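Asks: Sharing a structure with you now.
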Amino acid sequence: MIEFDFTLERPGFRLALEGQIPDRGITSLFGRSGCGKTTLLRCIAGLEPHCKGQLIVNGVPWQHAELFVPAHRRPVGYVFQEGALFSHLTVEQNLRYGYQRIPKAERHLHPEDVVELLGLESFLDRYASEMSGGQRQRVAIGRALLTSPQLLLMDEPLASLDELSKNDILPWLDKLHQSLSIPVIYVTHALEEVARLADHMLMLEQGRLLASGTPAELMTRTDLPLAHADNATSVIDAQVTDFDESYHLLSLSFSGGQMQVPARVRPQQDRVRVRVAARDVAINLVQQQQGSALNQVPARITALCDDPHPAHQLVVLALGETKLLARITRRSRDLLELAPGMAVVVQFKAVAVS
Amino acid sequence: MSALGISEADWAALWLTLRLAGVTTLILLVLGTPLAWWLATSQRRIKVAVESVVALPLVLPPTVLGFYVLMLLGAQGPVQALGGPALAFTFTGLVIGSVLYSLPFVVQPLQNTFSGIGRTTLEAASTLRASALDRFITVTLPLSRRGFLTAATLGFAHTLGEFGVVLMIGGNIPGETQVISIAIYDHVEATDYASAHRVSGFLLVLSFTMLFALYAVNGRFRVSVA
């Protein structure tokens with residue numbers, strides 16, 4: 001468990017954050033630019049000397065009123081937005097920079113492992129200037145991992161990359177997620193990244209903690225801004241039950257029913273996460289017999305609330321334990337006479353994200 | 001012994017000048033590096049004052065600077081009053097004057113290089129367990145190679161061509177404090193243009209060769225004072 005209670009004053013900005021981060025999985029710090037998410041990450045790494053307060057990582061104090069462990073003594077790996085590789089060193093020398101500086105007994109990961117994990121074999125002799133943004137970022141991740149950190153901190157590692165490079169690096173992050181037990185704190189303002197990677201999330205607003213919980217929970221909470229965003233999304237964790245090779249459809253079971261999602265190949269892992277955009281959910285009163293929708297699942301309406309757009313209505317549905325958001329028009333609501341507690345059938349389009 | 005038609009006295013002046021420039025550059029690199037680092041990283045208000053003092057020799061007439069150094073080191077100066085050695089009209093005195101005179105030519109390129117190294121690069125090094133000194137040696141210094149080359153070249157070349165300061169402090173004693181630029185001036189005064197030509201020509205070729213070698217060592221090397 002990582003427990004923090006920080007305050008930091010800057011002209012025009014005040015950060016006051018208290019909270020906990022689980023010591024496993026990926027926790028995403030989410031919020032708009034300027035909400036303090038990067039500052040929180042820097043405070044944890046010890047890069048903000050004016051940050052006051054307390055930080056306890058797995059029972060060990062890193063900072064309190066009389067203690068400030070300097071950045072170079074904190075067992076963290078930090079991946080900067082732009083990679084920050086040393087331009088005078090080759091990839092291999094970059095990778096070994098931190099590795100050489102930790103005691104032999106603390107080296108749990110070795111250059112060979114990381115080179116293989118991140119697919120860096122062919123770059124070892126190159127310099128940062130000779131690589132693409134995505135490749136540089138992979139090296140930066142590898143370099144941070146090679147300090148065998150207790151905590152991996154990533155500051156919007158994909159923000160400076162174009163779509164192609166993002167797609168180049170996301171599979172490696174998935175792989176990291178599955179093969180390493182190091183807890184990761186991941187700063188982002190991209191909902192897709194949270195939906196794909198995060199196990200836990202902290203939502204920040206103007207230097208304060210707005211909410212914390214699982215992405216599935218926070219993204220569908222109507223008292224929080226995400227549910228009302230244009231790209232409002234529900235996240236469902238599901239179990240792979242079958243893969244139809246001729247139609248390229250993956251059959252999944254989840255708390256609340258079954259669904260099918262398109263997939264090129266059967267994923268290696270048994271559990272996958274799917275994303276359902278609120279606008280891709282339709283509500284019917286009865287099962288449809290003659291439609292194109294593959295996924296039809298019985299659900300119960302738990303709440304109806306207003307949406308920023310005056311034509312829209314946000315419907316919160318319960319499918320077993322799963323919460324699902326649907327965005328429909330107010331007119332449809334009235335035509336179907338929808339009300340909380342009603343049993344309905346939802347049709348939706350889902351995308352597997354990891 | 002008068003190789004290349006240059007008199008023994010002129011060779012002595014030339015050798016003294018090279019020694020002066022070399023010693024001065026060395027001292028400036030040692031003192032200038034921490035000073036430039038402090039100027040590049042400090043947020044303190046006093047920094048502006050220090051920056052101005054460092055830049056003073058750029059605008060001050062060398063004779064003014066030389067005059068003050070002479071007052072400082074001379075018979076009635078505070079250094080001797082406090083029991084210090086008599087440094088006016090000595091090689092050591094020349095070195096002190098040259099260090100002050102060439103200070104901005106070494107400190108400013110270094111300061112520019114140091115500020116050019118992104119904060120993030122050094123922060124990355126600290127998250128990779130490098131202490132402040134370790135970061136300086138393994139990241140800052142190698143990334144500042146060109147800055148050091150510029151600083152050393154400018155410091156050396158500027159000291160080589162010094163005239164006013166040296167004249168004030170050194171007093172033009174042949175073999176002890178007479179530098180080559182003053183020797184050339186003396187030849188011209190005495191209308192011995194032939195000697196002035198030989199020494200000047202030699203200096204021209206020497207300077208060109210030095211710069212050429214430096215540029216060749218680092219193909220992308222650019223001298224810049226901003």
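The values are calculated or read from the model by the stated rules, or taken from the named source; none is laboratory data. Everything quoted here is computed from the prediction, not taken from an experiment. Here the Cβ positions follow ideal geometry from the backbone for every residue, glycine too, while neighbour counts run over all protein chains shown.
Asks: Can you find even one residue in the range B:212-225 that is surrounded by 18 or more Cβ atoms within 10 Å (Cβ to Cβ), more than 14 Å from every other protein chain (Cβ to nearest Cβ) and small (Gly, Ala, Ser)?
Replies: Taking the range B:212-225 first, the residues surrounded by 18 or more Cβ atoms within 10 Å (Cβ to Cβ) are none.
Scanning the range B:212-225 turns up no residue that is surrounded by 18 or more Cβ atoms within 10 Å (Cβ to Cβ), more than 14 Å from every other protein chain (Cβ to nearest Cβ) and small (Gly, Ala, Ser).
Asks: Exactly one condition in (1) away from chain A (no Cβ under 14 Å); (2) farther than 21 Å from B:Val50 by Cα is false for B:Leu143; which is it?
Replies: It fails just one condition, (1).
Asks: Now a separate question. Of all residues in the range A:13-50, how many are among the aliphatic types (A, V, I, L, M) and within 14 Å of chain B (Cβ to nearest Cβ)? Quick ask: steps written out before the conclusion?
Replies: If we filter the range A:13-50 for residues that are among the aliphatic types (A, V, I, L, M), which is where we start, we get A:15-17, A:21, A:26, A:29, A:40-41, A:44-45, A:47.
Narrowing the set further to residues that are within 14 Å of chain B (Cβ to nearest Cβ) leaves A:41, A:44-45, A:47.
The number of residues fulfilling the criteria is 4.
Asks: With respect to A:Ala128, determine if the residue is touching a helix residue (DSSP H, G or I) at 6+ places or on another chain (Cβ under 9 Å), buried (at least 16 other Cβ atoms within 10 Å of the Cβ), within 13 Å of chain B (Cβ to nearest Cβ) and under 24 Å from A:Ser28 (Cβ atoms).
Replies: Values: touching a helix residue (DSSP H, G or I) at 6+ places or on another chain (Cβ under 9 Å): yes; buried (at least 16 other Cβ atoms within 10 Å of the Cβ): yes; within 13 Å of chain B (Cβ to nearest Cβ): yes; under 24 Å from A:Ser28 (Cβ atoms): no.
So A:Ala128 fails the test.
Residues are listed down the side, and each one gets a yes or a no for (1) modelled with pLDDT of 95 or more; (2) more than 10 Å from every other protein chain (Cβ to nearest Cβ); (3) crowded, with 19+ Cβ neighbours inside 10 Å; (4) touching a Lys or Arg at 6+ places or on another chain (Cβ under 7 Å):
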site	(1), (2), (3), (4)
A:Lys52	no, yes, no, no
A:Gly59	no, yes, no, no
A:Trp62	yes, yes, yes, yes
A:Gly83	no, no, yes, yes
A:His88	no, no, no, no
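Asks: Which of the residues belonging to the range A:229-253 are out of contact with any strand residue (DSSP E or B) (no Cβ under 9 Å at 6 or more places or on another chain) and not small (Gly, Ala, Ser)? Please lay out each step first, then the result.
Replies: To start, the set of residues in the range A:229-253 that are out of contact with any strand residue (DSSP E or B) (no Cβ under 9 Å at 6 or more places or on another chain) comprises A:229-230, A:245-246.
Result: A:Asp230, A:Glu245.
Asks: If A:Gln100 satisfies every condition in (1) more than 8 Å from every other protein chain (Cβ to nearest Cβ); (2) touching a Pro at 6+ places or on another chain (Cβ under 6 Å); (3) of a type outside the set (D, E, K, R) but one, which is the exception?
Replies: Checking A:Gln100 against (1) more than 8 Å from every other protein chain (Cβ to nearest Cβ); (2) touching a Pro at 6+ places or on another chain (Cβ under 6 Å); (3) of a type outside the set (D, E, K, R), the one that fails is (2).
Asks: Another question about this same structure. I want to confirm something. Restricting to the range B:119-131 and keeping residues that are more than 15 Å from A:Arg74 (Cβ to Cβ) and free of Cβ contacts under 8 Å to residues at least 12 places away in the same chain, which single residue is nearest to the other protein chains (Cβ to nearest Cβ)?
Replies: Within the range B:119-131, the subset more than 15 Å from A:Arg74 (Cβ to Cβ) is B:119-122.
Filter once more, so that each one left must be free of Cβ contacts under 8 Å to residues at least 12 places away in the same chain: B:119-120.
Details: B:Arg119: 9, B:Thr120: 5 Å.
The qualifying residue nearest to the other protein chains (Cβ to nearest Cβ) is B:Thr120.
Asks: So in the range A:109-125, with the set limited to residues that are surrounded by 14 or more Cβ atoms within 10 Å (Cβ to Cβ), of a type outside the set (A, V, I, L, M) and in a helix (DSSP H, G or I), which one is nearest to the other protein chains (Cβ to nearest Cβ)? Don't jump to the end; show me each part of the working.
Replies: Step one: of the range A:109-125, the residues surrounded by 14 or more Cβ atoms within 10 Å (Cβ to Cβ) are A:109, A:111, A:113-115, A:117-120, A:123-124.
So of that shortlist, the ones also of a type outside the set (A, V, I, L, M) come out as A:111, A:113, A:119, A:123.
Narrowing further to those that are in a helix (DSSP H, G or I): A:111, A:113, A:123.
Numbers: A:Pro111: 14, A:Asp113: 17, A:Phe123: 18 Å.
Within the range A:109-125, the match that is nearest to the other protein chains (Cβ to nearest Cβ) is A:Pro111.
Asks: Of everything in the range A:193-214, what is in a strand (DSSP E or B) and among the acidic types (Asp, Glu)? Give them in sequence order.
Replies: So the first thing to find is which residues in the range A:193-214 are in a strand (DSSP E or B), and the list is A:200-205, A:208-213.
Correct list: A:Glu205 only.
Asks: In addition: Residues that are outside any helix (DSSP H, G or I), away from chain A (no Cβ under 14 Å) and buried (at least 21 other Cβ atoms within 10 Å of the Cβ): does the range B:78-100 have at least one?
Replies: Pass one, the range B:78-100, residues outside any helix (DSSP H, G or I): B:82-90.
Those left that are additionally away from chain A (no Cβ under 14 Å): B:82-90.
Now narrow it down to the ones that are buried (at least 21 other Cβ atoms within 10 Å of the Cβ): B:87-88.
Yes, the range B:78-100 has at least one match.
Asks: Let me ask something else. Suppose the filter is in a helix (DSSP H, G or I) and either within 14 Å of chain B (Cβ to nearest Cβ) or crowded, with 18+ Cβ neighbours inside 10 Å (or both); does A:Gly134 pass it? Full working, then the answer.
Replies: Values: in a helix (DSSP H, G or I): yes; either within 14 Å of chain B (Cβ to nearest Cβ) or crowded, with 18+ Cβ neighbours inside 10 Å (or both): yes.
Against the criterion (in a helix (DSSP H, G or I) and either within 14 Å of chain B (Cβ to nearest Cβ) or crowded, with 18+ Cβ neighbours inside 10 Å (or both)), A:Gly134 qualifies.
Asks: Residue under question is A:Leu161, and the condition is that it be modelled with pLDDT under 85, more than 14 Å from the chain's Cα centre (by Cα) and either in a helix (DSSP H, G or I) or more than 18 Å from A:Tyr97 (Cα to Cα) (or both); does it hold? If you could, list the steps in order and put the result at the bottom.
Replies: Values: modelled with pLDDT under 85: yes; more than 14 Å from the chain's Cα centre (by Cα): yes; either in a helix (DSSP H, G or I) or more than 18 Å from A:Tyr97 (Cα to Cα) (or both): yes.
Yes.
Asks: Further, regarding this structure: Consider the range A:146-185. How many of its residues are acidic (Asp, Glu), surrounded by fewer than 21 Cβ atoms within 10 Å (Cβ to Cβ) and within 16 Å of A:Arg136 (Cβ to Cβ)? Explain how you work it out, then say what you get.
Replies: Our first condition is that a residue be acidic (Asp, Glu); within the range A:146-185, this holds for A:155-156, A:162-163, A:168, A:174.
Now drop any that are not surrounded by fewer than 21 Cβ atoms within 10 Å (Cβ to Cβ), which leaves A:162-163, A:168, A:174.
Now narrow it down to the ones that are within 16 Å of A:Arg136 (Cβ to Cβ): A:162, A:168.
Total satisfying the criteria: 2.
Asks: A further question follows. Could you give every pair whose Cβ atoms fall below 7 Å, whose first residue belongs to the range A:293-321 and is among the hydroxyl-bearing types (Ser, Thr, Tyr), and whose second residue is assigned to a strand (DSSP E or B), counting only separations of at least 6 or pairs across chains?
Replies: A:Thr302/A:Val316; A:Thr302/A:Leu317; A:Thr302/A:Ala318
Asks: Could you tell me how many of the residues in the range A:280-298 are assigned to a strand (DSSP E or B) and either within 17 Å of A:Ala216 (Cα to Cα) or not aliphatic (A, V, I, L, M) (or both)?
Replies: Step one: filter the range A:280-298 for residues assigned to a strand (DSSP E or B), giving A:281-284, A:295-298.
Filter again for either within 17 Å of A:Ala216 (Cα to Cα) or not aliphatic (A, V, I, L, M) (or both), leaving A:281, A:284, A:295-296, A:298.
Qualifying residue count, the range A:280-298: 5.
Asks: Counting only residues that are touching a Lys or Arg at 6+ places or on another chain (Cβ under 9 Å) and among the small types (Gly, Ala, Ser), how many does the range A:1-27 have?
Replies: The number of residues fulfilling the criteria is 1.
Asks: Then there's this: Those residues that are surrounded by fewer than 16 Cβ atoms within 10 Å (Cβ to Cβ), free of Cβ contacts under 8 Å to residues at least 12 places away in the same chain and in contact with a helix residue (DSSP H, G or I) (Cβ under 9 Å, 6 or more places away or on another chain), I need them from the range A:217-275; list them, please.
Replies: Of everything in the range A:217-275, those that are surrounded by fewer than 16 Cβ atoms within 10 Å (Cβ to Cβ), free of Cβ contacts under 8 Å to residues at least 12 places away in the same chain and in contact with a helix residue (DSSP H, G or I) (Cβ under 9 Å, 6 or more places away or on another chain) turn out to be A:Asp230, A:Gln268.
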